Amino acid sequence: MKTIAISGKGGTGKSTVATMIIRWLTNKGARSILAVDADSNVNLNQLLGVDLKETVGAIREEMRAMISNIPGGMSKPQFLEYKIQTSLVEQPQFDLLAMGRPEGPGCYCYANNLLRDILQTISQNYEYVVIDNEAGMEHLSRRTTNKIDYLLIISDPFPRGIQISGKINRLLKELDTRVARRYLILNRARNPLPDSVRKSIQEENLNLLGLIPEDKLLMTRDQAGHPIWPILNKSLAFKALDRLMTKLVLREEEIIDNEHRTY
């Protein structure tokens, strides 16, 4: 199983990039993909063009409210796992799980610990897990995901956005989150980049994977509230993402090859 997490500040197109990555994986023949909408604003389903069922946040609230009235013959972990399984949106190309709104007042430690363990178990059934995170990386900081193979930090092509991306990168190091590789992607960017942007990337010690250009076709669909999934193969942004993901795969092969040579 490979886990790809997408993060960045609000308004940079994280959900759009997540949707394109899911499409790219299906085009490459991925057998099973779990898409996780970990943004409390829940909109990944709209871009994918599927109707949403119950969110994990709502399930957690339900469990907290009926903690002493779990159906007979079921333990608390069994009940939570059953509810999460029924909330999955199943499609031929992917399954979708929406985390929903963040925690309300009171302690959710027990429910969060159960949720972390159950999500880890469910994830093992998939070849790829793609996580569209909220801007604050809250789900990662609460350890609802234990291991991430690739963290893709999405930014707009401006120094302030690069600085926020650097803060996200440092936050993950401080939290000791298990992230194998980190890359920066500049969305809605033009080439060549201004010197101020390149300088900011260098100062923040970020590894730039590449650029995704502004795409009027995607913007028009998104602004009209239409899913972008059906038209991605005709999208300039998607073609750019195809090149970036191909580069990512090649880099991974080179890294693994170099690691093997050291033994």
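The values are calculated or read from the model by the stated rules, or taken from the named source; none is laboratory data. A quick note: this is a predicted structure, and the numbers were derived from the prediction, not measured. All Cβ positions, even for glycine, are placed from backbone atoms using ideal geometry, and neighbour counts span all protein chains on display.
Of all residues in the stretch 223-239, those that are touching a Gly at 6+ places or on another chain (Cβ under 9 Å) and not hydrophobic (A, V, I, L, M, F, W, C) total 3.
For the stretch 181-225, the set of residues classified as at pLDDT 95 or above and on the phi > 0 side of the Ramachandran plot consists of 188, 205, 210, listed by residue number.
Residue 5 meets each of the listed conditions (1) crowded, with 22+ Cβ neighbours inside 10 Å; (2) at pLDDT below 95; (3) closer than 23 Å to residue 216 by Cβ apart from (3).
Residue count for the stretch 179-202 satisfying the condition of being more than 25 Å from residue 255 (Cα to Cα), free of Cβ contacts under 8 Å to residues at least 60 places away in the same chain and of a type in the set (Lys, Arg): 2. Yes or no: the stretch 31-39 includes at least one residue that is surrounded by fewer than 19 Cβ atoms within 10 Å (Cβ to Cβ) and modelled with pLDDT of 95 or more. Taking every residue of the stretch 31-39 in turn, at least one turns out to be surrounded by fewer than 19 Cβ atoms within 10 Å (Cβ to Cβ) and modelled with pLDDT of 95 or more. Residues in the stretch 160-179 that are over 15 Å from residue 10 (Cα atoms) and touching a helix residue (DSSP H, G or I) at 6+ places or on another chain (Cβ under 9 Å): 171, 172, 175, 177, 179. I'd like to check something: does the stretch 58-68 contain any residue that is at pLDDT 90 or above, surrounded by 16 or more Cβ atoms within 10 Å (Cβ to Cβ) and either aromatic (Phe, Trp, Tyr) or under 20 Å from residue 133 (Cα atoms) (or both)? No, the stretch 58-68 has no match at all.
When the stretch 165-178 is limited to residues that are in contact (Cβ under 8 Å) with a residue 40 or more places away in the chain and crowded, with 20+ Cβ neighbours inside 10 Å, the one that is nearest to residue 238 (Cα to Cα) turns out to be 165. Listed by first and then second residue, the pairs with beta-carbon distance under 7 Å, at least 6 apart or on different chains, first residue in the stretch 203-218 and over 14 Å from residue 190 (Cα atoms) and of a type outside the set (A, V, I, L, M, F, W, C), second at pLDDT below 95 and assigned to a strand (DSSP E or B), are 207/182.
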